[in-house]
Amino acid sequence: PVVVREEFPDTAYWNPSLITSADGRGQVTVTLPDSLTTWQVDVRGLTLDTRVGQAETQIVATKPLLIRPVTPRFLVSGDHVLLSAIVNNNTSEPLSVRVSLQGEGFLLDEPEKSTQQADILPNARTRVHWWGTAGNAASADLVFSVESTGTPPLQDSARPVWGALPVLQYTAPQAF
């Protein structure tokens, strides 16, 4: 099944009162959100006799193959726009991939090109484009997906970071 990345909070984990063992050690297991980014980890400690300590580190969350939607924050009904996706190949091998755009509230100019083929060099990226028109709907719910054709199969799917794109209706009320 295709898993769509759509949980993008600003804070991955917060715990203001972790109790440690007698030797001052603690352990936390965290499931990171869907954001593929570098997370800052900041740990601070205080003992009963007011001794303090602090440590910082970073955790990089990434995938071997990932897709990043490039969209505006909103659409206007009837807008003719270019939607894109940046596909990153973070492996040491070239990849042949299928990149697709699926959704509601957005009509592609060429529906037969909703899925496109691309070849990506190792540790490189490419950009894939789709022209289309915003429909007469309240929002455009878009899902961008990529999957490799080789072995092992790699895949990633994501919505725009702010979710479904609102489709605005420009109207000018008139009173007579």
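All but one of (1) open to solvent by 50 Å² or more (accessible area, probe 1.4 Å); (2) in contact (Cβ under 8 Å) with a residue 12 or more places away in the chain; (3) among the polar types (S, T, N, Q) hold for THR151; state the number of the condition that does not hold.
(2)
Out of SER92, SER35, SER77, SER84, I need the residue that is more than 30 Å from ASP119 (Cα to Cα), of a type in the set (Ser, Thr, Tyr) and out of contact with any helix residue (DSSP H, G or I) (no Cβ under 8 Å at 6 or more places or on another chain). Which one?
SER77
If a residue must be over 14 Å from the mean Cα position of the chain (by Cα), of a type in the set (A, V, I, L, M, F, W, C) and under 30 Å from GLN102 (Cα atoms), how many such residues does segment 40-78 contain?
Residues that pass the stated criteria total 4.
Taking the condition of being hydroxyl-bearing (Ser, Thr, Tyr) and within 23 Å of PRO152 (Cα to Cα), how many residues in segment 79-134 meet it?
6
How many of the residues making up segment 63-108 are open to solvent by 10 Å² or more (accessible area, probe 1.4 Å), of a type outside the set (S, T, N, Q) and more than 15 Å from PHE144 (Cβ to Cβ)?
11
Any idea how many residues of segment 127-140 are of a type outside the set (Lys, Arg), surrounded by fewer than 16 Cβ atoms within 10 Å (Cβ to Cβ) and not in a loop (DSSP other than H, G, I, E, B)?
3
What are the residue pairs meeting all of these: first residue in segment 99-124, first residue part of a strand (DSSP E or B), second residue loosely packed, with under 11 Cβ neighbours inside 10 Å, Cβ atoms under 9 Å, and 6 or more apart or on different chains?
So the pair list comes out as VAL99/GLN117.
Determine the pairs where a residue that is on the phi > 0 side of the Ramachandran plot, located within segment 12-29, has a partner that is assigned to a loop (DSSP other than H, G, I, E, B) and not hydrophobic (A, V, I, L, M, F, W, C) with Cβ atoms under 8 Å apart, the partner being 6 or more residues away or on another chain.
That search, which allows pairs on different chains as well, returns GLY24/THR47.
The values are calculated or read from the model by the stated rules, or taken from the named source; none is laboratory data. None of the values given here were measured: they were computed from a predicted structure. In this analysis, Cβ positions are derived from the backbone assuming ideal geometry, glycine residues included, and neighbour counts consider all displayed protein chains. Just so you know, the surface numbers come from the protein's heavy atoms only, side chains and all, with ligands and any DNA or RNA stripped out. Shrake-Rupley method; radii C 1.70, N 1.55, O 1.52, S 1.80 Å.
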